[in-house]
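Each reported figure results from applying straightforward, stated rules to the coordinates on display, with no laboratory input. All values reported here derive from a predicted model rather than from experimental measurement. Backbone-built Cβ (ideal geometry, glycine too); neighbour counts: all protein chains shown.
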Amino acid sequence: MKLAALLLALAACDGSSMDSPDAGTDGAVGSDAPPGCTRPAIDATWLQSQLTSWVAGLASAPRATSTQRTTARTYLMNQLATIGWTAQLHMYTTGANVHVTIPATMGTGKEILVGAHFDTVTNSPGANDNASGVAVVLAVARYLVDVPCRTAPVTIVLFDGEENGLLGSRAYAPTKTAANVRAVHTIDQVAWDQDNDLRFELEAPTPTLEAEYRAAAQVVGALVTTVPTEGTDHQAFRERGFAAIGLTEEYVGGDTSPHRHLAGDTPATVDT
Ligand SMILES: [Zn+2]
């Protein structure tokens with residue numbers, strides 16, 4: 001339920017309400033949008049089972065060694081291919097990110113980045129940290145297949161090397177220019193919600209993005225708290241001048257997985 005709520009929030013704050021006077025406050029393309037541009041419902045029948053499947057598929061083993069991370073990248077490339085997008089590797093000295101830019105179908109909106117790290121610490125299968133975030137990013141990629149009128153390119157990127165110091169995101173950020181990117185959303189640890197309040201933390205958000213998430217949270221019935229946390233992938237972009245936000249469960253607030261970085265961070269312990 002928690003992952004699904006986050007996807008709803010992402011879809012509801014895609015910026016269309018700022019970019020287009022025709023867009024409704026729910027983020028949907030308005031009634032006077034061009035014919036054929038009606039956006040499909042976000043709570044699609046595939047969503048829950050697909051989130052569960054991706055967490056299970058990725059978190060069957062740790063993704064720390066070079067061999068383990070290669071296996072994970074192959075899985076991610078295959079999943080994106082099944083969805084319909086041909087991803088590529090972005091190689092850097094000690095690893096490789098997986099990325100694909102889904103083109104706009106109309107308009108000239110600035111690029112939007114949505115990312116999550118796929119690597120883990122040694123000996124943790126990393127279901128919550130961070131197969132959960134990867135599953136949401138893959139769900140965005142899958143949802144966009146069904147969005148017929150996309151007014152901005154969306155880059156899907158699965159980062160390597162986060163656990164060793166944001167290596168993947170810091171290698172990737174310089175491949176983009178801040179002035180050409182509308183927003184960077186990164187997701188890390190989002191499938192724990194012991195008190196079932198559907199509360200997310202907005203990490204060090206650029207003010208415009210914080211406002212969008214606060215509005216989107218109301219639309220989808222989630223709660224948000226703003227926190228100053230900087231230790232994950234969004235920081236790699238913020239330090240280079242990008243508009244950026246990190247999304248997580250209540251990591252600062254304390255409603256966070258007790259299995260973080262441990263062998264117990266398995267699919268069985270997370271709440272998709
Ligand atoms: Zn993480």
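The table that follows gives values for the structure above.
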quantity: Cα gyration tensor shape for the stretch 134-195, rounded if a/c is under 1.5, else prolate or oblate; calculated: oblate
quantity: Relative contact order %, the stretch 2-269, counting alpha carbon pairs below 8 Å whose residues are six or more apart; calculated: 23 percent
quantity: DSSP bridge orientation in the stretch 2-269 - percent antiparallel, rounded to nearest 5; calculated: 40 percent
quantity: Calculated FRET value between Ala41 and Glu230, using beta carbons and R₀ = 30 Å, to 0.05; calculated: 0.30
quantity: Set of the stretch 119-160 residues, backbone N closer than 20 Å to the point 7 Å along the Cα-Cβ line of His261; calculated: 119-134, 159-160
quantity: Approximate shape of the chain as ellipsoid semi-axes (Cα gyration tensor, √5λ), whole Å, largest first; calculated: 27, 20, 18
quantity: Rounded if a/c under 1.5, otherwise prolate or oblate - the stretch 116-238, Cα gyration tensor axes; calculated: rounded
